[in-house]
1. Using 0.36 nm times the number of residues separating residue 347 and residue 213, minus their current alpha carbon distance, what extension gain do you get?
2. Pick from 396, 343, 172: which residue has the top mean-square fluctuation in a GNM of the chain where Cα pairs under 10 Å get a spring?
3. Greater than 19 Å separation of Cα atoms is the criterion. Which listed pairs, 183/303; 189/270; 100/146; 64/100, meet it?
4. Report the residues of the stretch 292-319 in range of a label on residue 229: point 7 Å along Cα→C-beta, backbone N strictly under 16 Å from it.
5. Quick one: 266, 382, fewest Cβ neighbours within 10 Å first, how do they rank?
6. Please compute, over every Cα-Cα pair in the stretch 5-434, the percentage with a separation greater than 27 angstrom.
7. On a straight-distance basis, which lysines could pair with residue 35 in a cross-link, Cα separation under 23 angstrom, same-chain partners fewer than 8 positions away excluded?
8. Hey, in the GNM for the chain with a 10 angstrom Cα cutoff, which one of 186, 403, 34 fluctuates hardest?
Amino acid sequence: MFEDLNFPKGFQWGSAASAHQTEGGNHNSWSEWEKIPGKIKDGSNADIACDHYNRFEEDFDLAKELGHQVHRFSIEWSRIEPKQGKWNQKEIDHYCSVSKALINRGIQPMMTLHHFANPIWFRDIDAWLNPESPEMFGNYARKAAKALSDLDIIWNTINEPMVVVALGHLYGEFPPGIKDFGKAQEATKHLLMAHGQAATQIREIYDELGRKQPQIVPVISTTHFMPADPNNEDDVEMTTYLDNLYNQIWIRGAVNGQIEELDGSTRNYKALENSTDFIGINYYSRMVVSSEMDILAGQTPPKDPNLERCEGLDWEVYPDGYYHVLKSYWENYSKPIFLTENGIGTLDDSLRRRYLITHLQQVHRAIQDGVDIRGYLVWSLTDNFEWAQGYESHFGLVEVDYETQERKPRESAFMFREIIESNALTKEIQEKHLSRKV
């Protein structure tokens with residue numbers, strides 16, 4: 001029934017995490033948001049989280065033990081620039097130490113400049129709605145690049161910009177809690193320009209210092225949009241519209257170097273030129289679309305009761321969508337792809353193992369069909385604070401006891417190590433973990 005699925009030579013494996021979700025001790029837009037009653041489902045906060053800020057060496061020892069070759073993490077803007085134009089060298093040095101800790105363990109650092117959280121000063125001047133926000137972000141990127149350019153880092157600029165837009169400016173579930181389609185469009189434009197400004201500043205610093213240019217990889221959230229009725233033209237049209245709005249517009253601008261204005265016109269934006277070496281793709285699930293429902297108001301068809309779900313977030317497990325997403329980005333942009341997040345929140349580790357295997361089967365399928373995929377990162381290395389869900393969703397290959405901060409690798413962590421060591425989904429791994437339930 002199963003056969004060995006070998007991945008290309010040099011394929012890179014690892015895990016991902018973010019600063020606010022793991023570090024503890026941050027003061028930013030999210031730490032303030034967490035104080036508002038009702039914003040976090042379980043009433044918790046990230047004041048301590050996984051204490052990764054103090055325990056990163058321990059966590060990276062685990063990553064090394066588990067065979068990881070790449071680790072994606074974020075640095076916290078609010079620590080580095082706590083007041084506009086005022087830089088905290090102690091925090092810059094901290095993230096230098098974090099990066100070196102990975103390198104010393106033979107793990108490639110992939111560093112994200114922005115993962116949802118904003119400095120308080122940036123929040124207070126309307127953050128991504130401020131027309132000057134791209135240049136402000138570019139200044140921060142320049143400072144980070146100057147400090148870290150002597151290290152072998154893959155740079156992610158902004159994590160999941162369309163999640164920042166959709167959940168922060170359309171549905172109001174994330175800071176700043178706005179529900180305004182026009183403002184969502186403004187934020188989309190400024191986030192795209194900010195990516196360009198960051199890439200430009202990084203490249204300039206590397207040139208000035210005479211260093212080899214790094215890889216710059218914007219990271220996007222994707223979902224597989226599907227019509228509720230494939231024979232209903234309105235459902236199909238709505239699906240195409242939403243795919244373009246959420247999956248395509250932002251990354252198309254990053255790749256093509258163009259800003260799409262509110263009136264539908266486009267203009268070249270020089271800072272976006274040469275801003276994208278790879279496309280970082282995060283995928284978790286699908287979204288079924290009905291033209292009879294207002295998706296912008298949060299209305300969606302009922303979930304399929306036959307599909308397993310991610311705890312807390314209620315995302316359906318739909319591996320086939322991964323293949324279609326990967327094919328679409330390759331066909332649209334012909335840019336190499338790095339799979340920067342994929343995983344499931346669950347206390348049922350057998351479900352996590354099935355999830356990872358069935359999604360990697362689709363990755364292999366896409367590679368076989370010519371998609372240039374360079375690596376795969378599991379979200380996440382450890383359990384962590386899952387934004388509006390609090391601690392209700394457990395994504396970690398490594399379990400965290402939040403009372404004692406004890407780390408304990410799950411069986412899925414050891415299965416993933418076997419995959420890394422083989423650079424393959426072997427027949428034996430698939431039989432062992434899928435034989436009970438396919």
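1. Length gained between residue 347 and residue 213: 44.1 nm.
2. Evaluated over the chain, the most mobile residue of the options is 172.
3. Correct reply: 183/303.
4. Under 16 Å, as judged by backbone N against the label point of residue 229, lie 292-294, 301-302 of the stretch 292-319.
5. The fewest-first ordering by Cβ neighbours comes to 266, 382.
6. 50
7. Qualifying lysines at Cα under 23 Å: 83, 179.
8. The residue with the greatest mean-square fluctuation here is 403.
Values quoted throughout were computed directly from the atomic coordinates according to the rules given, and no laboratory measurement underlies them. Everything quoted here is computed from the prediction, not taken from an experiment. Reconstructed Cβ throughout: ideal geometry from the backbone, glycine too, with neighbour counts over all protein chains shown.
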